Every structure is written in structure tokens, then in C-alpha cells.
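Structure record follows, encoded as C-alpha cells.
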Amino acid sequence: MPNLFNAAEVIDMGIEKERKRRDFYGYVADKFKEKDLKELFSRLRDWEDTHIKKFSEIRSTLEESETTEFYKGEFADYVKATVDDLLYNQVSAEWFSKNVRSPLAAIQYGIGFEKDAILFFNELLKYMSPHHTEKVRELIDEEKKHLVYLTELKQKYSS
């Protein structure tokens with residue numbers, strides 16, 4: 001099976017997902033008064049911003065190449081399926097303020113975002129040159145740390 005999408009396009013999808021996660025964590029940091037939550041979600045927001053910068057650096061070194069599709073519009077469908085799913089569509093200040101009312105709910109959404117990031121970045125590795133895979137693996141490791149932080153926090157708020 002040929003590579004369907006070039007690395008630049010897949011990196012663009014990764015950047016968009018990072019922006020959505022960053023925005024979500026910003027909403028959480030602004031919403032809750034608990035100092036530990038405010039600090040944690042501010043840190044997560046900042047980390048996602050750092051990831052955007054790292055992916056943008058990788059992106060700037062990639063050349064555009066033609067995308068091979070099995071059918072017309074396949075790439076657009078793939079982008080829609082990976083970036084525009086329900087989890088990512090819900091990230092807006094309006095939706096968040098209506099639907100996420102507890103720290104535990106915010107933490108659970110964060111866990112979902114981090115799991116999605118790990119899966120997406122692992123998928124991304126298939127389309128990367130060996131030169132860039134180490135940087136993406138570092139980002140995966142950082143997302144795993146975020147997942148652990150959030151899971152520990154979930155246990156605290158579940159008790």
C-alpha cells in the first residue's frame with residue numbers, strides 16, 4: 001500500500017489537533033478556581049503550545065509533494081475523520097461553559113485528548129522520514145506524561 005498522504009499534510013493535521021487541545025486546556029484553566037487545576041491546565045496549555053512550535057519547525061523543513069489518493073477527496077475525508085471528530089468539535093468556549101461543569105469532567109476530556117494525541121502521533125510516524133521520527137517520538141512521550149498527570153488527578157477527584 002503506498003503512502004497516501006505526504007508528511008507535510010499529516011503534520012498540518014497534527015498542528016490543528018494541538019491547537020484544539022491547547023484551546024481546551026486554556027478554557028479549563030480559566031474556568032476553575034482550584035489552584036492545582038488552574039496550574040495543571042495552564043501548564044498543559046503551555047505544553048501544547050510548545051508542541052505546536054515543534055511541529056511547525058518540522059513542517060518548515062518538509063517539501064510539498066503530491067498526495068496519492070485511491071479516490072478523489074480521500075485526503076479531505078481523512079482530515080475530517082481525524083481532526084473534526086466529536087471530541088474536537090466540542091472545544092469551544094460556549095460548549096465548554098454549558099457542558100463541562102466539574103473538574104472531573106474537564107479531566108476526563110483531557111484524558112481523551114491525550115489518548116487521541118498518542119494514537120494520532122503513532123499513526124503519523126508511518127508518514128515521516130526517519131530524520132523527523134525522533135522528534136515525533138519525543139512528542140509522544142510528552143503526551144504520555146500528560147496522560148499520567150491527568151489520570152492521577154482523576155483519581156484524586158474521584159475519591
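Would you please name the residue that is nearest to Phe41 (Cα to Cα), looking only at residues in the stretch 93-147 that are β-branched (Val, Ile, Thr) and modelled with pLDDT of 85 or more? Result: Ile107.
The numbered conditions (1) exposed (fewer than 14 other Cβ atoms within 10 Å of the Cβ); (2) at pLDDT below 75; (3) not in a helix (DSSP H, G or I) are all true for Leu62 except (1). In the stretch 115-139, what residues are within 15 Å of Thr50 (Cα to Cα) and crowded, with 18+ Cβ neighbours inside 10 Å? If the condition is that a residue be within 15 Å of Thr50 (Cα to Cα) and crowded, with 18+ Cβ neighbours inside 10 Å, then Ala117, Val136, Leu139 are the ones that fit.
Rundown of residues vs (1) within 21 Å of Tyr149 (Cβ to Cβ); (2) surrounded by fewer than 17 Cβ atoms within 10 Å (Cβ to Cβ), yes/no style:
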position: Val10; (1), (2): no, no
position: Glu18; (1), (2): yes, no
position: Gly26; (1), (2): yes, no
position: Ala29; (1), (2): yes, no
position: Phe32; (1), (2): yes, no
position: Leu40; (1), (2): yes, no
position: Arg43; (1), (2): yes, yes
position: His51; (1), (2): yes, no
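Considering only the stretch 98-122, state which residues are assigned to a helix (DSSP H, G or I), free of Cβ contacts under 8 Å to residues at least 12 places away in the same chain and either closer than 19 Å to Ala8 by Cβ or of a type outside the set (A, V, I, L, M, F, W, C) (or both). Hits for the stretch 98-122 are Lys98, Asn99.
In the stretch 11-22, the residues that are closer than 15 Å to Gly110 by Cβ form Cβ pairs under 8 Å with partners that are of a type in the set (Gly, Ala, Ser) and in a helix (DSSP H, G or I), at six or more places apart or across chains, as follows: Lys17/Ala117; Glu18/Ala117; Arg21/Ala117. In the stretch 14-28 there is no residue matching the filter, namely being among the hydrophobic types (A, V, I, L, M, F, W, C), in a helix (DSSP H, G or I), modelled with pLDDT of 75 or more and over 16 Å from the mean Cα position of the chain (by Cα).
The values are calculated or read from the model by the stated rules, or taken from the named source; none is laboratory data. Only a predicted model underlies this, so the values are computations on that prediction, with no experimental measurement involved. Cβ sites come from the backbone with ideal geometry, for glycine too, and all protein chains shown count toward neighbours.
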